[in-house]
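Down below is the structure, laid out as structure tokens.
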Amino acid sequence: MKYVYLDYNATTPIDPTVHKAMEPFLKDQFGNPSSNHALGQQAAGAIDQARSQLADLLSCQAEELIFTSGGTESSNLAIQGILPQSGKSNPRHLIISAIEHPATVEPANSMCRLGHSLTVVGCDREAVVDVQEVAKAIRPNTSLVSIMHANNEVGTLQPIHAIAKLCRSSGILLHVDVAQSLGKVPVDVQELGADLLTIAGHKLYAPKGIGALYIKKGIGLHPLFFGATQEQGLSPGTENVSQIVALGAAAELAQNRLEADSERIGKLRNLLEVQLKDGSGNRITINAERAERLPNTSSTNFPDVVAVELLATVPELCASTGAACHSNTTHISATLAAMGISEEVARGTIRLSLGRHTTETQAAYASEQLLGAWRGLSGC
């Protein structure tokens, strides 16, 4: 079966250029970067180059980046590394939004179990976090605000620059998860004003299992793991050289292709949405359509059907549901719930996320098949 892949927000395929860059480090260039001999130093040099490539994409200094096992480790390190491990003697306060990824929500919850406190701010109907709500949530002991740059489900971009300005004026650190936005829209740490950034390689056409954390110069973190001194002692252990090289190559590729990819993919996404709306007599609707969104993301509501059943009738289409359905019970995703989307609408929500290899033919095929399946299930 030939698949039509429209789930790029879940993971991206490894770009051929990235695969070619990492391949030597899976074969002949297998040295340990901590070794002083030639093979070891080749590996160490490759890591340095990758760090510089990623720094160029983010407009930061190379020494402000550490490599991790992925976005989840990065966000955990950012959140748990800032707050003291015991909140009983020095309770601190953390602010997150209601539309965050579990990699932010769960470490935040873990801090509460250690004695710290948490405030979750909401969003509007377009999934945009209100800066004033963040301001109202600030307390004298607030240490960290953690807000994602772009929502992984509906694609809405957040007012990070304004939130960063607020945090700076209050002496609070800001952590931003840019896993979904990096490579799709410009991500410049100077423009954003963030103190910590989470990066996930597999959203950027690099392999799964590699990520990075930007740590603004002068900020100190408590490590989650203990061992040797690799990655400033914050992600200790022998470096995954091939994956690090892959992330560096992916970052350089993203920098070179960002504008062209964003424009082409955005036009395809818009075309797909128009075809779905027109083909349904505008009964199919788009979440956060009026907001500034990632150019590749469409959270699409199919009325009178269950999303998982709709996708099951088009098995060659790879896409995600916006709500997790279990038997006859629908659990609305945290993002859709925060937006005020009803259970009736959310149960028919599908996330379509396009990417570098999506073609106009594939987009047209997806809309045609989804419309046909929707008409069959809904009786329209």
Segment 222-258, residues that are on the phi > 0 side of the Ramachandran plot and of a type in the set (S, T, N, Q):
Gln232
Filter segment 64-89 down to residues that are among the hydroxyl-bearing types (Ser, Thr, Tyr), surrounded by 21 or more Cβ atoms within 10 Å (Cβ to Cβ) and either outside the structural domain of Ser146 (by TED's automatic domain parsing) or part of a helix (DSSP H, G or I) (or both), then give me how many there are.
2
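Please indicate, with yes or no, whether at least one residue in segment 287-295 is in contact with a helix residue (DSSP H, G or I) (Cβ under 6 Å, 6 or more places away or on another chain) and either within 19 Å of Leu377 (Cβ to Cβ) or crowded, with 22+ Cβ neighbours inside 10 Å (or both).
First, pick out the residues of segment 287-295 that are in contact with a helix residue (DSSP H, G or I) (Cβ under 6 Å, 6 or more places away or on another chain): 295.
Checking the rest, the ones that are also either within 19 Å of Leu377 (Cβ to Cβ) or crowded, with 22+ Cβ neighbours inside 10 Å (or both) come to none.
Checked against the condition, which is being in contact with a helix residue (DSSP H, G or I) (Cβ under 6 Å, 6 or more places away or on another chain) and either within 19 Å of Leu377 (Cβ to Cβ) or crowded, with 22+ Cβ neighbours inside 10 Å (or both), segment 287-295 yields no hits at all.
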Among (1) within 28 Å of Glu133 (Cα to Cα); (2) among the small types (Gly, Ala, Ser); (3) touching a Cys at 6+ places or on another chain (Cβ under 8 Å), which single condition is Ala307 missing?
(1)
Looking only at segment 148-194, which residues are part of a strand (DSSP E or B) and in contact with a Ser or Thr (Cβ under 8 Å, 6 or more places away or on another chain)?
Ala150, Leu157, Leu173, Leu174, His175, Val176, Asp177, Val185
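Any residue that is over 18 Å from Cys380 (Cβ atoms) and without any contact (Cβ under 8 Å) to a residue 24 or more places away in the chain - is there at least one of those in segment 341-354? Break it down stepwise before answering.
Keep residues of segment 341-354 that are over 18 Å from Cys380 (Cβ atoms), which gives 341-343, 346, 351-354.
Next, only the ones that are without any contact (Cβ under 8 Å) to a residue 24 or more places away in the chain stay: 342-343.
Yes, segment 341-354 has at least one match.
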Just one listed residue, out of Asn301, Asn328, is at pLDDT 95 or above and of a type outside the set (A, V, I, L, M, F, W, C), and it is Asn301
Regarding segment 208-221, can at least one residue be identified that is aromatic (Phe, Trp, Tyr), buried (at least 24 other Cβ atoms within 10 Å of the Cβ) and in contact with a Leu (Cβ under 6 Å, 6 or more places away or on another chain)?
yes
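Can you go through Ile147, Ile95, Ile138 and tell me which one is within 25 Å of Ile286 (Cβ to Cβ) and of a type outside the set (Phe, Trp, Tyr)?
Values: Ile95 fails: within 25 Å of Ile286 (Cβ to Cβ); Ile138 fails: within 25 Å of Ile286 (Cβ to Cβ).
The unique qualifying residue is Ile147.
Could you check, for segment 318-333, whether at least one of its residues is in contact with a Phe, Trp or Tyr (Cβ under 9 Å, 6 or more places away or on another chain), within 19 Å of Thr156 (Cα to Cα) and aliphatic (A, V, I, L, M)? Give the derivation first.
Just the residues of segment 318-333 that are in contact with a Phe, Trp or Tyr (Cβ under 9 Å, 6 or more places away or on another chain), to begin with: 318-319.
Cutting the leftovers down to within 19 Å of Thr156 (Cα to Cα) gives us 319.
Imposing the further condition that a residue be aliphatic (A, V, I, L, M) reduces the set to 319.
Yes, segment 318-333 has at least one match.
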Taking the condition of being of a type in the set (Gly, Ala, Ser), assigned to a helix (DSSP H, G or I) and buried (at least 18 other Cβ atoms within 10 Å of the Cβ), how many residues in segment 102-136 meet it?
2
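The values are calculated or read from the model by the stated rules, or taken from the named source; none is laboratory data. All figures in this text were calculated on a predicted structure; none of them were measured in a lab. A quick note on method: Cβ atoms are made from the backbone with ideal geometry, for glycine too, and the neighbour counts reach across all protein chains shown.
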